[in-house]
Every structure is written in structure tokens, then in C-alpha cells.
Amino acid sequence: EKLVFAFNRRNLSTDHIQAFFRGVAQNRSLKVLHIEDKLYNPDDADVFAILITFFQNNKNFERLKIIGSPGYLHSLAATLGKFDSLQELSLFGCKISDEALIEVTQKLLKHSNLRKLDLSGNRNIGRLGYDGLRTLLQNPESRLTALSLRGNCIRDEVAAATLARGLAGNSSLEELNLSPNDITGRGWEAIFMAFQNPNCKLESLDIHPSRIDDAAARFLSNALTNGI
């Protein structure tokens with residue numbers, strides 16, 4: 001039911017990798033797939049496109065984790081529209097661009113079963129990308145309960161404020177990981193203010209280690225007083 005696939009491009013040709021994924025595409029019982037590939041190759045898109053058949057035919061698939069390769073993202077966005085059983089998606093360290101994140105989040109708007117989203121280790125995400133994430137968070141049909149943006153280096157105050165608007169409009173999120181991030185004082189203020197939303201269901205917030213000034217700390221204190 002679970003397959004972890006970590007491969008080294010120095011030892012495997014693209015033909016070998018594609019042959020492996022063709023075999024995976026025939027599987028009907030696989031629920032969890034982890035792909036670790038830290039070397040970019042334009043052929044990654046072709047490799048992932050092979051899995052479209054798998055996602056179309058496997059109604060039990062629940063968890064997908066991709067580590068390190070941005071080459072899968074375009075095909076992944078197209079593939080997400082082929083199935084709706086996905087509950088957990090992790091794109092760790094995939095060098096996600098704004099355009100790629102917008103494409104992925106637009107597809108995820110239709111995934112009411114998605115519970116966990118991990119976008120950690122993606123420092124390339126900017127204002128437009130976080131605006132795409134905001135739209136996903138504000139989706140009234142969202143059932144997302146866990147979001148990780150660990151190590152994304154959200155220095156841009158506009159990006160942080162955009163994320164905050166998404167959090168303020170969300171009523172399903174229970175876990176949020178923002179550690180460590182270089183969020184500014186004003187960025188933290190906007191985020192902590194979002195938690196004062198009466199519909200906020202957040203139970204777990206990880207911000208260690210973070211530099212929080214006195215003003216932001218007061219907003220956090222108010223949020224904690226209100227029940228986080």
C-alpha cells in the first residue's frame with residue numbers, strides 16, 4: 001500500500017525511471033507514494049505524466065510526497081484534476097515558483113478531501129504564490145486541517161499579509177507550521193491578528209525559532225487569550 005522511491009540520476013537513466021513508473025501506473029491498491037529526486041531533469045514531466053493513468057484508475061490513493069524536483073510540478077497540476085481521493089500532498093524543497101503554486105492551488109480548490117498540505121523548504125514563493133494559497137485557504141469547501149510552510153523565508157510583508165488574509169478566512173485549519181521563517185514584525189502582527197477570527201480552529205502553531213517584537217507578541221497574546 002506504500003511505496004517510497006528515492007533515486008539517483010547518476011545510476012539510473014530516464015528510460016529506466018519511466019519503465020518503473022509505467023509499472024506503478026498499473027497498480028490499483030497503492031495509497032501512498034513518496035518520490036525523492038533532488039536533481040532537476042526536464043524529462044521529469046514526462047515521467048510524471050505516465051502516472052495520470054494511475055491516478056485515473058486508483059480510487060484509493062491518499063498521500064503523495066515529492067522531494068526536491070521542480071520538474072514534476074506542471075504535470076502534477078494537470079494530474080490533480082484526474083482524481084479526488086488525495087488527502088495529503090507534500091512538495092518539499094521543490095523550488096516552487098509563483099506560477100507553479102497558483103496552478104497547483106487552483107486544482108486543489110476542487111479537492112474537498114485534502115487534509116494536509118506541506119509546502120516547506122520553498123523559498124522561491126512570492127506574493128502571487130501566497131495569493132494563490134490565500135484563495136485555497138478561503139475556499140468555503142476547504143477541509144484542510146494542516147499546513148506547513150516551514151523554512152520558506154517569508155520576508156516580504158505583503159506576502160505575509162496575504163497569507164494572513166487567507167488564514168483569517170479559514171475555518172478548518174488546526175495545525176500551522178511557520179518555523180523557522182524570517183517574517184518581519186508587521187508580518188507576524190498580520191498573521192497573529194488573523195487568529196482572532198472567531199471561526200479560527202487552530203490548535204497547534206509552530207513558530208520556533210522566530211524573532212518576534214513586542215508589538216507582534218501582544219497580538220499573539222490576544223490570540224492565545226481567545227483560545228488558540
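The values are calculated or read from the model by the stated rules, or taken from the named source; none is laboratory data. None of these values were measured; they are calculated from a predicted model. Note that each Cβ is placed from the backbone with ideal geometry, even for glycine, and that neighbours are counted across all protein chains shown. The protein model used for the area step is the full one, side chains on, heavy atoms only, and it has no ligands, DNA or RNA in it. Shrake-Rupley method; radii C 1.70, N 1.55, O 1.52, S 1.80 Å.
Quick test of your reading of the structure: Ile183 fulfils all but one of (1) of a type outside the set (Gly, Ala, Ser); (2) more than 21 Å from Gly126 (Cα to Cα); (3) in a loop (DSSP other than H, G, I, E, B). Name the failing condition by number.
For Ile183, the exception is condition (2).
Which condition number in (1) surrounded by fewer than 16 Cβ atoms within 10 Å (Cβ to Cβ); (2) out of contact with any Ser or Thr (no Cβ under 7 Å at 6 or more places or on another chain); (3) not in a helix (DSSP H, G or I) is the one that Ala217 fails?
Condition (3) is where Ala217 drops out.
Could you list, in sequence order, the residues of the range 117-147 that are closer than 22 Å to Glu36 by Cβ and without any contact (Cβ under 8 Å) to a residue 40 or more places away in the chain? Walk me through how you get there before you give the answer.
Applying the first criterion (closer than 22 Å to Glu36 by Cβ) to the range 117-147 yields 117-125, 146-147.
Result: Leu117, Leu119, Gly121, Asn122, Arg123, Asn124, Ile125, Ala146, Leu147.
Could you list, in sequence order, the residues of the range 47-62 that are surrounded by 19 or more Cβ atoms within 10 Å (Cβ to Cβ) and at pLDDT 75 or above?
Phe61
Does Ala190 satisfy the criteria of being more than 21 Å from Leu73 (Cβ to Cβ) and part of a helix (DSSP H, G or I)? Walk me through it before giving the result.
Working: more than 21 Å from Leu73 (Cβ to Cβ): yes; part of a helix (DSSP H, G or I): yes.
Taking the combined requirement at face value, the residue satisfies it.
Could you give every pair whose Cβ atoms fall below 7 Å, whose first residue belongs to the range 184-209 and is without any contact (Cβ under 8 Å) to a residue 40 or more places away in the chain, and whose second residue is open to solvent by 90 Å² or more (accessible area, probe 1.4 Å), counting only separations of at least 6 or pairs across chains?
Thr184/Arg155; Gln196/Asn226; Glu203/Glu175; Ser204/Glu175
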